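For reference, the structure is listed below as structure tokens.
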Amino acid sequence: MPLWTLHGNGRTVAPAAIVKPEERLAWPVTIGIGAQHVIAMFGATFLVPLLTGFPPSTTLLFSGIGTLLFLLITRNRVPSYLGSSFAFIAPIVASTEADSMGAALGGVMVTGILLALLGLLVARIGTAWIGVLMPPVVMGSIVALIGFNLAPTAYDNFKQSAVTATITLFAVVLCTAVFKGLLGRISVLVGVLVGYLVAVLRGEVDFTPVAEAPWIGLPQFHHPEFNLALLPMFLPVILVLLAENVGHVTSVGLMTGRNLDHMVGRTLFADGAATALSAGFGGSPTTTYGENIGVMSATRVYSTAAYWVAGIVAILLSLSPKVGAAIFTIPPGVLGGVTFVLYGLIGIIGVRMWVDGKVDFSKSKNQFTAGVALVVGIANVTWEIEGIQLTGIALGTVAALLVYHLMAGIGRATGTDTEPGGPMQVDDPVQGEGPVQVDDPVQVDDPVQGEDPHRS
């Protein structure tokens with residue numbers, strides 16, 4: 001792994017210049033930029049363990065370790081931070097309620113292993129097949145139903161303290177609207193801080209666990225258990241992680257002016273390995289973070305040295321049980337207000353995929369694909385077949401794939417799928433090996449923030 005070379009004088013960057021992944025600024029400046037990455041990831045990363053019941057300190061630890069592992073596997077060529085994945089929230093919550101935290105960790109671990117294996121496959125055969133399997137109408141439907149399926153969970157927290165939740169919600173909205181730059185990008189964290197202050201004033205916060213927790217100590221570790229009946233709930237998440245990971249690599253490649261398509265297999269493998277490792281000790285699943293890509297876009301500093309700093313800082317923070325205890329004091333009202341925004345954004349990003357992919361909803365196959373999948377997901381249709389439970393997200397994903405490909409296949413066979421705007425020739429954005437035949441080229445957005453192309 002090459003050492004970083006100093007960019008210019010190490011303290012300034014010309015207006016039209018960028019700091020490349022293999023470069024770095026002076027270490028004090030690099031540490032400052034790394035701290036920005038910690039702030040950018042922190043808001044979303046700690047919310048996932050709060051919503052799922054996983055230990056936040058353990059999540060922070062393996063978020064940092066996962067980031068360093070990612071940098072090693074990608075040989076310092078792809079600047080990215082691995083934070084907690086929102087795509088897993090619904091299956092984790094359902095698995096915990098149906099069985100235990102250990103069973104949920106088992107589902108996360110299996111998903112991570114499968115994603116890592118998929119990364120090895122992609123490294124060999126490329127990604128042209130992704131756009132064929134999941135055109136925008138299918139991927140948009142899957143992402144949207146994941147967000148909307150979580151709506152009841154958000155409302156359960158919201159109604160426990162409607163006043164605090166409402167103030168938190170509007171704090172996030174106003175911060176996003178008023179501030180630009182870094183403050184605008186960490187609006188979720190700012191909203192949580194405002195809501196938390198309101199909750200303290202309303203007597204909704206108990207600081208006893210914080211006072212009792214030591215300053216230094218190891219996080220809580222939990223180990224996975226395996227319940228085959230719960231695994232189908234996790235499988236649809238692989239499709240979302242696949243699409244967002246490919247999108248993030250493409251985005252970073254465009255910003256740095258280089259082709260990183262050959263790294264997609266490595267990034268998928270690294271993401272899956274980090275998720276499986278985290279689940280082995282009780283941490284949340286990981287994914288590449290659009291929030292940190294936004295920080296790079298704003299600073300034009302793509303140095304992987306800053307991500308090594310961010311990973312190390314996350315690990316150090318995780319070694320203070322007091323930090324974890326403080327995070328867990330955030331009351332349900334604050335979580336309710338924040339998740340109204342976040343879960344709604346997940347759903348709307350699915351809609352954006354339809355818009356960006358120019359999905360033609362005058363076509364019956366697109367109408368039925370989106371309509372059936374969304375209703376199944378929002379209603380949380382649940383089937384149990386020989387002890388295996390399929391919930392709304394799994395069934396909605398299966399419905400989107402089956403309805404689209406069944407109707408498209410019949411249309412091709414009978415000649416009825418001949419409306420204007422049908423199949424078009426597009427260049428494969430990952431392999432660049434020439435045109436491939438797909439319906440509506442895939443474009444994936446960040447299902448959490450929705451601020452950059454491609455990322456749940």
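The values are calculated or read from the model by the stated rules, or taken from the named source; none is laboratory data. All of these numbers come straight from a predicted model, not from anything done at the bench. Ideal geometry is used to build each Cβ from the backbone, glycine not excepted, and the neighbour counts take in all protein chains shown. Accessible surface areas use protein heavy atoms only, side chains included; no ligands, DNA or RNA. Shrake-Rupley method; radii C 1.70, N 1.55, O 1.52, S 1.80 Å.
Listed values, structure above:
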{"item": "Extension gain, Leu316 back to Ala98 (0.36 nm per residue minus Cα-Cα distance, nm)", "result": "75.1 nm"}
{"item": "Viscosity 1.567 mPa s, temperature 4 °C, Stokes-Einstein D of the range 309-387 from Kirkwood C-alpha radius, µm²/s", "result": "76"}
{"item": "Per residue accessible area in Å² of the range 195-288, where ligands, DNA and RNA are left out and the probe is 1.4 Å", "result": "42"}
{"item": "Structure-based [θ]222 nm, the chain - -39500 (n - 2.57) summed over DSSP H runs of at least 4, per residue, nearest 500", "result": "-20500 deg cm²/dmol"}
{"item": "Of [x] 43, 37, 19; [y] 33, 28, 21; [z] 30, 26, 23, the label for semi-axes √(5λ) of the Cα gyration tensor in Å derived from the coordinates", "result": "[y]"}
{"item": "Spin-label model distance (nm) - Leu72 vs Gln367, 7 Å beyond Cα toward Cβ", "result": "5.4"}
{"item": "Packing-based ranking, highest mean first, of 361-370, 239-248 given that Cβ atoms within 10 Å are counted", "result": "239-248, 361-370"}
{"item": "Accessible surface of the range 303-350, 1.4 Å probe, proportion on carbon and sulfur as whole %", "result": "90"}
{"item": "Cross-link partners of Lys20 among lysines (Cα-Cα below 29 Å; sequence separation of 8 or more within a chain)", "result": "Lys180"}
{"item": "Segment Val375-Leu218, length gained on full extension (0.36 nm per residue, minus Cα span)", "result": "52.1 nm"}
{"item": "Highest-first arrangement of 152-164, 136-148, 69-81, 334-346, where packing means the average Cβ count within 10 Å", "result": "136-148, 334-346, 69-81, 152-164"}
{"item": "Straight-distance crosslink candidates among lysines, where the alpha carbon sits under 30 Å from Lys159 and sequence neighbours closer than 8 are dropped", "result": "Lys322"}
{"item": "Relative packing of 55-65, 25-35, which averages over residues the other C-beta atoms within 10 Å, highest first", "result": "55-65, 25-35"}
{"item": "Distance (nanometres) between label positions extended 7 Å along Cα→Cβ at Ala151 and Leu201", "result": "3.2"}
{"item": "Amide H contacts of Glu23 (H built 1.01 Å from N, under 5 Å, at least 5 apart or other chain)", "result": "Thr5, Thr304"}
{"item": "Projected area averaged over orientations for the range 18-66, convex hull of C-alpha atoms, nm²", "result": "4.2"}
{"item": "Chain lengthening between Val173 and Ala16 when straightened (0.36 nm per residue, less Cα-Cα)", "result": "53.3 nm"}
{"item": "FRET efficiency for Ala35 and Phe226, using Cβ-Cβ distance with R0 set to 51 Å, rounded to 0.05", "result": "0.85"}
{"item": "FRET E, pair Leu117, Leu402, Förster distance 25 Å, beta-carbon r, rounded to 0.05", "result": "0.60"}
{"item": "Relative contact order (percent, whole number), the range 1-52, Cα cutoff 8 Å, 6+ residue spacing", "result": "30"}
